[in-house]
Amino acid sequence: MAPFEPAALPELLPVFYRRLFPHGPYGRWLGYGGVVKNYFQLREFSFTLRDDVYVRFQSFSSPQELERELQKINPYKIDIGAVYSHRPNQHNTVRPGAFQPQEKELVFDIDMTDYDDVRTCCSSADICSKCWTLMTIAVRVIDRALTEDLGMRHRLWVYSGRRGVHCWVCDDAVRKWSPALRAATVEYLTLVKGRADTVKKVNLSYPVHPFIRRSVAVVEKYFEEYALVGQDILGSPESWDKVLALVPEEHREALQGEFPRRKDSVQRWEVLRGRMERTRGRGAAPCYADWEIMLQFCFPRLDINVSKGVGHLLKSPFSVHPKTGRISVPLDLQTLDQFDPFAVPTITSLCHELDTAGSDGEQEDVGETEPKRRARDYKRTSLAPYVRVFEQFVEGMESARRGERLRRSDIQGDF
């Protein structure tokens with residue numbers, strides 16, 4: 001893969017927005033079928049331009065106007081905001097207090113830096129294949145809860161382009177939710193609590209809520225490979241002391257005596273887990289320290305402020321990350337466990353692929369319209385499978401809307 005150089009962005013971005021950005025499905029997504037009049041026109045877009053120039057409250061009369069603007073200014077980053085009471089680009093003409101956010105997708109932002117207290121392989125903005133498993137677990141836990149516990153249907157999961165993932169819940173009813181409902185949802189999905197200096201951040205009590213039991217079942221599938229082998233959390237007396245600090249005192253001394261006699265983290269964990277399971281078998285004073293440890297090391301950590309604020313901005317899918325050059329691509333949940341952030345195409349590699357494909361296909365371009373040629377352009381690159389995931393998501397929403405319209409017309413016909 002060709003190395004990415006941030007200094008090349010002014011040359012590469014015009015090619016990206018003209019030949020690779022999926023303007024068609026993107027406009028269909030944010031237009032939501034035109035069900036609500038002016039819905040697209042009332043949406044805020046924000047652009048980060050060269051030298052960190054930040055432009056807020058941009059809005060457009062149609063997806064085509066947005067497309068023309070993107071190709072004109074070639075932003076380094078696109079953020080999407082709320083649907084407002086008035087057109088955002090006219091907010092200065094509205095009387096004070098009247099310009100208010102009305103609707104937005106329920107969004108979640110999960111960032112690897114929030115796990116620095118439980119990963120030893122990397123810290124701050126760095127990631128590797130070992131700790132990326134935390135993002136896989138986060139998507140699995142949150143997505144299961146959104147669909148099975150909360151009944152949400154239309155979820156778009158997106159790689160941020162660097163060190164995290166975003167989720168956009170696009171159901172019609174959810175987009176209308178108040179900040180209080182959004183905050184309550186994040187609270188429901190939060191188990192790791194406390195400040196940076198809090199030692200024990202997960203506290204379970206009997207009876208354990210079904211959401212927690214189901215989340216533990218998800219984490220368990222990844223825990224051995226991620227925490228015991230990859231992070232080796234019980235590999236040395238120094239590391240296992242940190243874990244045993246999360247265990248009730250009455251069990252700690254016995255485990256400290258047992259651990260040196262076991263050869264590795266996996267065997268030490270079997271001893272700890274066996275001891276906790278025996279307390280639960282007795283029924284008197286069940287101890288869930290093994291579950292608490294698994295959750296503290298692996299459970300998703302959400303930024304409540306991103307989710308609860310209707311007016312909060314979040315980076316758009318298919319934005320280019322200006323530090324890594326990677327595209328913010330949708331995630332296919334069918335193949336999530338195989339997703340490799342380091343294999344995500346960069347703007348440099350995509351433009352190189354276009355150049356290579358261009359020399360093979362120049363004869364075909366004669367007499368072809370711009371949209372058709374552009375649709376074929378991204379299909380010649382490694383961006384194609386990610387655009388397909390996005391199109392399938394948009395088609396799923398459109399199909400559900402058609403079904404809902406038919407259902408309503410049938411009900412009206414019955415009267």
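Leaving ligands and nucleic acids out of the surface, order Leu406, Leu66, Leu181 by accessible area at 1.4 Å, largest first.
Of Leu406, Leu66, Leu181, the descending order of accessible area is Leu406, Leu181, Leu66.
Below 8 Å between Cα atoms, with a sequence gap of 6+, how large is the relative contact order for the chain in percent?
RCO, the chain: 23 percent.
Might you tell me the accessible area per residue for the chain, computed with a 1.4 Å probe and given in Å²?
48 Å²
Between the alpha-carbon centers of segment 206-234 and segment 74-116, tell me the distance in whole angstrom.
Going from one Cα centre to the other spans 35 Å.
Over the chain, with every protein chain in place, what whole percent of the accessible area is carbon and sulfur at 1.4 Å, could you tell me?
49 percent
With every protein chain left in place and a probe of 1.4 Å, what is the accessible surface of Glu65, to the nearest 10 Å²?
Surface open to solvent at Glu65 totals about 60 Å².
With the dipole of segment 122-243 worked out from charges on the C-beta (+1 for Lys and Arg, -1 for Asp and Glu) around the Cα centre, which of Phe223, Ile142, Asn203 lies farthest toward the positive end?
Working it through, the farthest residue towards the positive pole turns out to be Ile142.
How large is the accessible surface of Asp52 in square angstrom, using a 1.4 angstrom probe and rounding to the nearest 10?
Accessible area of Asp52: about 130 Å².
Taking every DSSP beta bridge with both residues inside the chain, roughly what % is antiparallel (nearest 5)?
100 percent
If only Cα atoms are counted, what is the Rg of the chain, and what is its Dmax, in Å?
Rg, Dmax (Cα atoms, Å): 24.4, 80.
Please find, in a Gaussian network model of the chain (springs between Cα atoms separated by less than 10 Å), the residue of Asp355, Asp79, Asp303 whose mean-square fluctuation is greatest.
Asp355
Mean separation of Cα pairs under 8 Å and 6+ residues apart, divided by the residue count of segment 122-270: what relative contact order is that in percent?
That works out to 20 percent.
Under the definition of Cα pairs under 8 Å and six or more residues apart, what whole-number percent is the relative contact order of segment 206-298?
33 percent
Gain in length, Asp340 to Ser239, computed as 0.36 nm per residue apart minus the alpha-carbon separation, to one decimal in nm?
33.5 nm
Take the Cα of Ile411, step 7 Å along the line toward its Cβ, and report every residue of segment 173-199 whose backbone nitrogen sits under 20 Å from that point.
Inside the label zone: 173-177.
Towards the positive end of the charge dipole of the chain, with charges on Cβ (+1 Lys, Arg; -1 Asp, Glu), say which of Leu20, Met112, Ser316 has the farthest Cα.
Of the options given, the answer is Ser316.
Taking the Cα centre as origin and putting +1 on Lys and Arg beta-carbons and -1 on Asp and Glu beta-carbons, what dipole magnitude results for segment 206-298, to the nearest 20 debye?
Here segment 206-298 has a charge dipole of around 340 debye.
The values are calculated or read from the model by the stated rules, or taken from the named source; none is laboratory data. Every value quoted in this text rests on a predicted model; they were computed, and no experiment measured them. Cβ sites come from the backbone with ideal geometry, for glycine too, and all protein chains shown count toward neighbours. Please note that ligands, DNA and RNA were not included when accessible areas were found on the heavy atoms of the full protein model with its side chains. Shrake-Rupley method; radii C 1.70, N 1.55, O 1.52, S 1.80 Å.
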